[in-house]
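To start, the structure under review is shown below, and the notes come after it.
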Amino acid sequence: MAVYNLATIDVAKVIMFVTDSSLNQTNKPEKKRFVILISGLGSNMQHIAQLANDSSSRVSIQAVVSNKASAAGLDWAARRGIETAVVDHRLFSDREKFDQALARVVVKFEPDYVLLAGFMRILTPGFVNQFKGRLINIHPSLLPAFPGLHTHARAIEAGVQRHGCSVHFVTDELDYGPVIAQAALEVSTTETPEQLAQRVLVLEHQLYPKVVQWLSRDQVTLDDNGKVTLHGVSYRHIGTSE
Ligand code: GRF
């Protein structure tokens with residue numbers, strides 16, 4: 001079996017940042033407010049939340065919100081002093097009512113951006129449009145390939161050479177919003193979907209925090225035609241195992 005050494009990927013070499021000196025009056029960086037929605041472990045959320053530990057970071061995690069009280073990521077966040085909230089989807093008669101309740105909770109935290117990180121509910125157009133241009137998702141495939149579920153098994157089944165993950169703006173269409181950045185790896189001919197999922201998750205943990213940093217520094221814009229522009233960022237693709 002081919003073994004790829006992800007430790008050899010030096011993200012710093014392929015991602016360049018511009019130095020942004022727009023500090024506020026106290027010489028502290030202006031922070032962007034993020035709310036993260038999860039349904040389970042929240043390992044992506046954990047990697048994003050760790051960005052806020054850096055004193056020069058512009059990332060402020062306002063809350064972690066879940067549709068499941070049992071989501072392990074809630075405990076992780078609460079133990080670190082991050083506000084948490086649960087909106088249990090089973091208590092609502094339809095998707096619209098759940099999404100309206102979810103939106104009311106999210107809005108209380110006044111987010112600049114809402115990040116979906118393993119949030120396993122399909123959101124209604126009402127919710128998506130309320131946060132248009134500010135709602136971001138990570139999906140475990142190289143979109144537009146393999147939207148939906150079971151992406152790793154489907155990638156292996158299709159015999160693709162490359163697979164990975166995408167961070168994208170959320171639109172009404174499931175897993176089809178404008179892509180901000182992607183990370184890719186070579187698919188081994190012998191690996192299982194579980195092994196591939198594990199390797200892609202490592203890339204997710206690198207990619208999503210990078211995009212959140214860009215958002216916090218106003219380096220990502222989305223125009224009315226759905227075109228994403230990255231300012232001062234040289235590459236929107238990381239993590240090839242070649
Ligand atoms: C990730 O693979 C993400 O891409 C997908 O669900 C998984 C969530 O993992 N949407 P975690 O909850 O962040 O650990």
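The values are calculated or read from the model by the stated rules, or taken from the named source; none is laboratory data. Because the structure is predicted, anything quoted here is derived from the model rather than measured. Neighbour counts are summed over all protein chains in view; Cβ atoms, including those assigned to glycine, are modelled from backbone coordinates with ideal geometry. Each accessible area value is taken on the protein alone, full model and side chains, heavy atoms only, with ligands, DNA and RNA left out. Shrake-Rupley method; radii C 1.70, N 1.55, O 1.52, S 1.80 Å.
Got a number for residues in segment 154-173 being open to solvent by 40 Å² or more (accessible area, probe 1.4 Å) and more than 15 Å from the chain's Cα centre (by Cα)?
Selection size over segment 154-173: 10.
Being within 12 Å of the ligand (Cβ to nearest atom), of a type outside the set (Val, Ile, Thr) and outside any strand (DSSP E or B) is the filter here; which residues of segment 143-164 pass it?
Answer for segment 143-164, where residues must be within 12 Å of the ligand (Cβ to nearest atom), of a type outside the set (Val, Ile, Thr) and outside any strand (DSSP E or B): Leu143, Phe146, Pro147, Gly148, Leu149, His150, His152.
Return the pair list, or none, for Cβ contacts closer than 7 Å from residues in segment 122-138 that are assigned to a helix (DSSP H, G or I) to residues that are open to solvent by less than 30 Å² (accessible area, probe 1.4 Å), at least 6 apart or on different chains.
Gly126/Asp99; Phe127/Asp99; Phe127/Leu102; Phe127/Ala103; Val128/Leu135; Val128/Val170; Gln130/Ala103
Is it the case that segment 197-212 has a residue that's within 20 Å of Val170 (Cα to Cα), loosely packed, with under 15 Cβ neighbours inside 10 Å and among the β-branched types (Val, Ile, Thr)?
no
Between Asp175, Asp88, which is among the charged types (D, E, K, R), within 21 Å of Ser43 (Cβ to Cβ) and either within 12 Å of the ligand (Cβ to nearest atom) or free of Cβ contacts under 8 Å to residues at least 24 places away in the same chain (or both)?
Testing whether each residue is among the charged types (D, E, K, R), within 21 Å of Ser43 (Cβ to Cβ) and either within 12 Å of the ligand (Cβ to nearest atom) or free of Cβ contacts under 8 Å to residues at least 24 places away in the same chain (or both) leaves just Asp175.
If Ala7 satisfies all but one of (1) in a helix (DSSP H, G or I); (2) touching a Gly at 6+ places or on another chain (Cβ under 7 Å); (3) modelled with pLDDT under 95, what's the number of the condition it fails?
(2)
Please go through segment 196-218 and give me each residue that is under 24 Å from Ala153 (Cβ atoms) and either touching a residue at least 12 places away in the same chain (Cβ under 8 Å) or more than 14 Å from the ligand (Cβ to nearest atom) (or both), ordered by number.
Within segment 196-218, Leu196, Ala197, Arg199, Val200, Leu201, Val202, Leu203, Glu204, His205, Gln206, Leu207, Tyr208 qualify.
Looking at this structure, is Arg236 within 26 Å of Gly42 (Cβ to Cβ) and open to solvent by 70 Å² or more (accessible area, probe 1.4 Å)?
So Arg236 passes the test.
Name the residue that is nearest to Leu116 (Cα to Cα), counting only residues in segment 40-78 that are within 13 Å of the ligand (Cβ to nearest atom), open to solvent by 10 Å² or more (accessible area, probe 1.4 Å) and of a type in the set (Ser, Thr, Tyr).
Per the stated criteria, the residue is Ser43.
How many residues are of a type in the set (Val, Ile, Thr) and open to solvent by 10 Å² or more (accessible area, probe 1.4 Å) when one looks only at segment 88-106?
Within segment 88-106, residues that are of a type in the set (Val, Ile, Thr) and open to solvent by 10 Å² or more (accessible area, probe 1.4 Å) number 1.
Quick check on this structure: which one of Val107, Val167, Val114 is in a helix (DSSP H, G or I), among the aliphatic types (A, V, I, L, M) and either out of contact with any Asp or Glu (no Cβ under 8 Å at 6 or more places or on another chain) or within 25 Å of Thr229 (Cβ to Cβ) (or both)?
Being in a helix (DSSP H, G or I), among the aliphatic types (A, V, I, L, M) and either out of contact with any Asp or Glu (no Cβ under 8 Å at 6 or more places or on another chain) or within 25 Å of Thr229 (Cβ to Cβ) (or both) holds for just one of Val107, Val167, Val114, which is Val107.
Please verify whether segment 119-126 includes one or more residues that are away from the ligand (no atom under 15 Å from the Cβ), at pLDDT 95 or above and buried (at least 18 other Cβ atoms within 10 Å of the Cβ).
yes
Quick check on Pro144: is it within 30 Å of Thr190 (Cα to Cα), out of contact with any Pro (no Cβ under 9 Å at 6 or more places or on another chain) and open to solvent by 70 Å² or more (accessible area, probe 1.4 Å)?
yes
Can you spot a residue in segment 193-213 that is in a loop (DSSP other than H, G, I, E, B) and modelled with pLDDT of 95 or more?
no
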